[in-house]
Amino acid sequence: ALHVGLEDDVQLLHLAVDDTIQTGTDVKAWQSRCIESIDELVRRTKIPSRQLSVETLDFNPQWIADIVESLDLAVCIDVGHLLRYGYDLASVIDRFEQRTTVYHLHGVVGGKDHRSLANLETDAANTLAPVLGRFRGTVSLEVFDYRHLTESLDTLALLMSRTTVRTQESGFSKSNAF
């Protein structure tokens, strides 16, 4: 699906993956289909490739590496998705930081995402704080409940201040890790 943002600076791409992908050969075939489709999209629409941002979803985020590199695309790092599915946030940021145009932020509780960012574990908060401090793109709080939004805004302010992190596991705690 192609989602148009508030401004036409970045278009988010959700690359569909079905349950039949189980081998490296399946992944390569999926990547080839994605490359072919996105290449045609770029040619037909004349959208600059760096204005297309591929979102990390429920599949291995390394699967998008060949796609974004071969077509010179941007990346949307969905922090909540990475945490929900057990991927290493720091390694994904290291791999894609220079291509990242959007961060989707939300917490995970009991395997359910799109919860308050206040549920962010301390390790993830410590990874994110310096990254967000230097990031100049779009940050989206992907929560769909007013209480989750207000808690997430408070937590984001704390992350951005780099002095205190509020997490579910520790409440408010001073941290010098930033």
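The values are calculated or read from the model by the stated rules, or taken from the named source; none is laboratory data. All values reported here derive from a predicted model rather than from experimental measurement. Cβ placement follows ideal geometry from the backbone for every residue including glycine, while neighbour counts extend to all protein chains displayed. Accessible surface areas use protein heavy atoms only, side chains included; no ligands, DNA or RNA. Shrake-Rupley method; radii C 1.70, N 1.55, O 1.52, S 1.80 Å.
Screening T155 with (1) at pLDDT 95 or above; (2) over 16 Å from the mean Cα position of the chain (by Cα); (3) open to solvent by less than 40 Å² (accessible area, probe 1.4 Å) gives one miss only, at (1). The residue pairs whose first member lies in the range 57-70 and is over 12 Å from R95 (Cβ atoms), whose second member is among the β-branched types (V, I, T), and whose beta carbons are closer than 6 Å, counting only pairs six or more residues apart or on different chains, are F59/V17; I67/I35; S70/I35. Among the strands (runs of 3 or more DSSP E) confined to the range 1-101, the ones with at least 1 residues that are open to solvent by less than 70 Å² (accessible area, probe 1.4 Å) and closer than 30 Å to A129 by Cβ are located at 11-13, 52-55, 74-78. Contact annotation: residue pairs with Cβ atoms under 6 Å, 6 or more positions apart or on different chains, pairing a residue in the range 122-141 that is farther than 18 Å from T56 by Cβ with a partner that is in a helix (DSSP H, G or I), are A129/L159. I'd like the full set of residues that are in contact with a helix residue (DSSP H, G or I) (Cβ under 8 Å, 6 or more places away or on another chain) and not hydrophobic (A, V, I, L, M, F, W, C), limited to the range 34-47. D39 - this is the single residue of the range 34-47 that is in contact with a helix residue (DSSP H, G or I) (Cβ under 8 Å, 6 or more places away or on another chain) and not hydrophobic (A, V, I, L, M, F, W, C).
Looking only at residues of the range 102-129 that are farther than 23 Å from L12 by Cα and outside any helix (DSSP H, G or I), we find that the one that is most open to solvent (accessible area, probe 1.4 Å) is E121.
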